Amino acid sequence: MAWYTMHNVIRSRFRTQVANALSLTTQYDNHVIDNPGNDNWCRLTILPGETKQVSIGAPSSNRERTVGVMIAQLFSPVQAGDGTILEIAESIRTAFKRVTDTGVVFQTPSLKRVGQQIDSWQINVECPFYADEIG
């Protein structure tokens, strides 16, 4: 699968299943957002890893696999508690846990507590994925 296709599948799923569904302001790679002020917001990052050949066969039937991780950095105002962003994190987990969307296979998401970041409280949801290309 072409890298731009893989990125678009991931962003599209996040946009429809999470950002639009929860009215969550989301910053995508190389995209500027307005200051979210005292609202919860998210920064979505897609980190593709290595691409390796994972099968050997006849010409045009070799499988190459790209692995990576999607990271949703969730921010809430300091002293607002973590209940709301934990609910958002759970929505992300539900939307991406062990599903396949247009050839991108999402595995089991995990929650990472980051803590206070200047004027925000942060937790991350990390979801490993892979996508295959036959050629």
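The values are calculated or read from the model by the stated rules, or taken from the named source; none is laboratory data. All figures in this text were calculated on a predicted structure; none of them were measured in a lab. Quick reminder, even Gly has a Cβ in these numbers, built from the backbone with ideal geometry, and neighbours come from all protein chains shown.
Within region 115-135, how many residues are of a type in the set (D, E, K, R) and under 12 Å from the mean Cα position of the chain (by Cα)? Residues flagged as of a type in the set (D, E, K, R) and under 12 Å from the mean Cα position of the chain (by Cα) within region 115-135 amount to 1.
Among the residues of region 18-38, those that are of a type outside the set (S, T, N, Q), surrounded by 13 or more Cβ atoms within 10 Å (Cβ to Cβ) and modelled with pLDDT of 90 or more comprise Val18, Ala19, Leu22, Leu24, Tyr28. Residues in region 83-127 that are without any contact (Cβ under 8 Å) to a residue 12 or more places away in the chain, closer than 17 Å to His7 by Cα and assigned to a strand (DSSP E or B): Thr100 only. Residues in region 1-56 that are of a type outside the set (Val, Ile, Thr), part of a strand (DSSP E or B) and in contact with a helix residue (DSSP H, G or I) (Cβ under 8 Å, 6 or more places away or on another chain): Cys42, Leu44, Pro48. Does Thr45 count as of a type in the set (Val, Ile, Thr), modelled with pLDDT of 95 or more, surrounded by 11 or more Cβ atoms within 10 Å (Cβ to Cβ) and in contact with a Cys (Cβ under 6 Å, 6 or more places away or on another chain)? Here the answer is no, as Thr45 does not meet what is asked.
All of Val32, Val69, Val78 fail the test of being of a type outside the set (Phe, Trp, Tyr) and under 30 Å from Ile134 (Cβ atoms), apart from Val69. A Cβ distance below 8 Å, combined with a sequence gap of six or more or placement on separate chains, defines the contacts here; from region 3-28, residues that are free of Cβ contacts under 8 Å to residues at least 12 places away in the same chain and of a type in the set (Phe, Trp, Tyr) reach no residue that is crowded, with 17+ Cβ neighbours inside 10 Å and outside any strand (DSSP E or B).
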